[in-house]
Amino acid sequence: MGSEEERRARELRALIDEANYRYYVLDAPTIPDSEYDRLLRELQDLESAHPELVTPDSPTQRIGAAPLKDFAQVAHALPMLSLNNAFSEAEVAAFDRRVREGLGREDEQIEYAVEPKFDGLAVALHYRDGCFVQGATRGDGYTGEDVTANLRTVKAIPMRLQDPNPPAWLEVRGEVLMLRRDFDRLNEAARARDEKTFANPRNAAAGSLRQLDSRITARRRLSFFAYGVGRVEGGALPDTHAGVMDWLAARRLPVSEARRQVRGVDGLMGYFHDLGEKRAGLPYDIDGAVYKVNRLADQDILGFVARAPRFAIAHKYPAQEELTLVEAIDVQVGRTGTLTPVARLAPVFVGGVTVTNATLHNEDEARRKDVRVGDTVIVRRAGDVIPEVVGVVMERRPMKDLVTPLYPPFRMRDTCPECGAPVVRLEGEAAARCTNGLACPAQRKQAIIHFASRRAMDIDGLGDKLVDQLVDKGLVATPADLYDPAKVNKAALAGLERMADKSAENLVQAIEASRGRPLARFIFALGIRHVGEQTAKDLARYFGGMAGFMAADEDALMAVPDVGPVVAASIRAFLSEAHNQTVIQALDNAGAWTDGEAAARLAGPLEGKTFVLTGTLPTLTRDEAKARIEAAGGKVTASVSRKTDFVVAGAEPGSKLKKARELDVRVLDQDELMELLKGVSES
């Protein structure tokens, strides 16, 4: 073997380690996943051909190994003690007083290092001469489990420290956890396989780290944050805890960016409240803040009591999970028609507030968790997030006898609780929906707002607050009522809040001006689920008139370009609902739209061509250019792909121009576009 292979292996390891650091620690990746995969495959191939190149810290050693029979035990050189807890400002003040008294500095404001209290699993990482050699769980504080193989799969943990002169032995202490986004992905995948899901990120992290088969751990994205050091030999550390954290960060060990230094009780409480406000937006779960006397010499003076240090304390937030009783399960209708089962709960104080309701999300979730009336359930609330039922305490379920529950399983309603219209659940969707979009009381405000929006019927001046008043006062129940002069007139409008004679007259005129809109805009205005602007244009162009569109079955609808089975089923369900048919007939009587011609008679010079617009054109707005392209039979999409025929680029184009050149898509300026559009007027 020549030195070239060895040099390339070192280079690849450095590139992959850098990519891991930027992705998993800094959350700022610099290379795409495909490039990362290519580098890793090259290193794997190189090490496979030359096994002597494999090193313990190689990125290829993170993929996991065959299952163990059990975990070996690891004795901690220095005990990994737990912290005492504080739950009130008075307890924090008492802790600070004990610190000042213990240091003989009663009149001083002590400097503390403060950081989030991670809700994960504590571990110790052992580095010999800068190379990771062993990792263990906290266990009972004195003896933990050897989870080295599993920790090697955690890409946030460096296998070799970025230190030209590392300590001969270094024990780094920290927390293994699972980020919320990775927890959601894990549970989504489990649900797709009809497997059991995890209750929370902490359970997921603990379960993943304690797998005897490290290949399973490798498939789950775990993260790590260091919060201190234990045993150190052959090296010197800074003299403050904050300095130690900076020292660890410089060696590319992940540390919390939310760490700070404060003085006295006021500083501690200020940090606690500030962190609490940011808590819901953090990428990981925390259950409090940790306060540590900053100077390590002061920590040594204060020492330990029983199984906890005197120099540190954990200040806990109110519990985010509590037990309570399900008194009823109701179904709520959202403003887009989604039916959501909601558990009505015996009041319980959780996450700092009293909770009486919790979402069950959808029928599948309610049945998967098997939540029933009478159950004792675990309720979670985090920040401003809507409370949810995490799970059922089955041991407390009320029973008729030894095998028969007192209450039946939850079943979603067949009809809307607001309007009585049929409820449908389309294939591939989790949510059930009311089909009465134009007339359902729960949906009518949103339906009217969308109907009047600029890209739909464009009724200038009909905003959200005015729609609220029109609906609340019983003047308008469906979009068709807007065109009924007996309901919406100058006198009725002038009597509304913030409306005068002139603004009322302007709105009446805007409603009149909206009559006779093109069919495509009317179809879009109906608010049919999955039917956006482009799909509405495709439907209008294909059918030419509302009668043909209304009569089309799913097969006929799927003949329209880009309309698949999900969209076709959604359209058919909407048009089949009697309430919607009544509203559409009333809108027809009001002359709300004008039919066009069928697609075969409208074929233009750009028929079948796909365009993407980027940058600022000299004399055309983006909407004007789009309208002219579509009038000529072309289609305008948002992103560049191999199916794109032309990219029209103006001043200061974005990444779409670069993508077009990469894919060898023809790029036009405005003059070239106008040449293609010759003889076609704007519609």
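The values are calculated or read from the model by the stated rules, or taken from the named source; none is laboratory data. Quantities reported herein were computed from a predicted structural model and do not represent experimental measurements. Methodologically, a virtual Cβ is constructed for each residue, glycine included, from the backbone with ideal geometry; neighbour enumeration extends over all protein chains shown.
For this structure, a couple of remarks:
- Being touching a strand residue (DSSP E or B) at 6+ places or on another chain (Cβ under 6 Å) and within 30 Å of ALA651 (Cα to Cα) holds for only one residue in LYS537, LYS635, and it is LYS635.
- The sole residue among ALA456, ALA442 that is touching a strand residue (DSSP E or B) at 6+ places or on another chain (Cβ under 7 Å), among the small types (Gly, Ala, Ser) and touching a residue at least 24 places away in the same chain (Cβ under 8 Å) is ALA442.
- Wholly within the stretch 482-573, helices (runs of 4 or more DSSP H) carrying at least 2 residues that are in the same structural domain as GLY596 (by TED's automatic domain parsing), in contact (Cβ under 8 Å) with a residue 40 or more places away in the chain and over 31 Å from the mean Cα position of the chain (by Cα): 501-513, 519-525, 533-543, 546-551
- Candidates ARG307, ARG295 - the one that is over 26 Å from the mean Cα position of the chain (by Cα) and crowded, with 16+ Cβ neighbours inside 10 Å: ARG295
- Residue selected from the stretch 99-150 under the condition modelled with pLDDT under 90 and among the small types (Gly, Ala, Ser), by the criterion surrounded by the fewest Cβ atoms within 10 Å (Cβ to Cβ): GLY141
- Strands (runs of 3 or more DSSP E) contained entirely in the stretch 345-437, each with at least 3 residues that are of a type outside the set (A, V, I, L, M) and not assigned by TED's automatic domain parsing to the domain that holds LEU575: 353-359
- Residue match in the stretch 461-468 (condition: assigned to a strand (DSSP E or B), more than 16 Å from VAL583 (Cα to Cα) and not hydrophobic (A, V, I, L, M, F, W, C)): no
- Candidate set: the stretch 275-320, residues that are of a type in the set (A, V, I, L, M), assigned to a loop (DSSP other than H, G, I, E, B) and without any contact (Cβ under 8 Å) to a residue 40 or more places away in the chain; chosen: the one farthest from SER82 (Cα to Cα): ALA319
- Which listed residue, of ARG191, ARG181, is assigned to a helix (DSSP H, G or I), among the basic types (Lys, Arg) and touching an Asp or Glu at 6+ places or on another chain (Cβ under 9 Å): ARG191
- Looking only at residues in the stretch 419-466 that are at pLDDT below 85 and loosely packed, with under 15 Cβ neighbours inside 10 Å, the one that is farthest from LEU519 (Cα to Cα) is ALA430.
- Residue ID - farthest from the chain's Cα centre (by Cα), chosen from residues in the stretch 203-235 that are touching a residue at least 60 places away in the same chain (Cβ under 8 Å), assigned to a helix (DSSP H, G or I) and surrounded by fewer than 21 Cβ atoms within 10 Å (Cβ to Cβ): ARG215
- Residue in the stretch 149-178 that is nearest to ALA204 (Cα to Cα), counting only those that are touching a Pro at 6+ places or on another chain (Cβ under 9 Å) and not in a loop (DSSP other than H, G, I, E, B): LEU177
- Given (1) touching a residue at least 24 places away in the same chain (Cβ under 8 Å); (2) of a type in the set (S, T, N, Q); (3) surrounded by fewer than 20 Cβ atoms within 10 Å (Cβ to Cβ), number of the condition THR415 does not satisfy: (1)
- Verdict on THR582 being closer than 30 Å to LEU426 by Cα and of a type in the set (S, T, N, Q): yes
- Within the stretch 472-481, being surrounded by fewer than 18 Cβ atoms within 10 Å (Cβ to Cβ) and not in a loop (DSSP other than H, G, I, E, B) holds for one residue alone: ASP472.
- When SER88 is tested against the conditions (1) in contact (Cβ under 8 Å) with a residue 24 or more places away in the chain; (2) exposed (fewer than 15 other Cβ atoms within 10 Å of the Cβ), the lone failure is (1).
- Boolean, LYS659 is under 34 Å from the mean Cα position of the chain (by Cα), free of Cβ contacts under 8 Å to residues at least 24 places away in the same chain and either not assigned by TED's automatic domain parsing to the domain that holds ALA559 or not in a loop (DSSP other than H, G, I, E, B) (or both): yes
- Test for TYR127: is it farther than 28 Å from ARG279 by Cβ and out of contact with any Leu (no Cβ under 8 Å at 6 or more places or on another chain): no
- Condition check for VAL147: among the hydrophobic types (A, V, I, L, M, F, W, C) and more than 19 Å from ALA249 (Cβ to Cβ): yes
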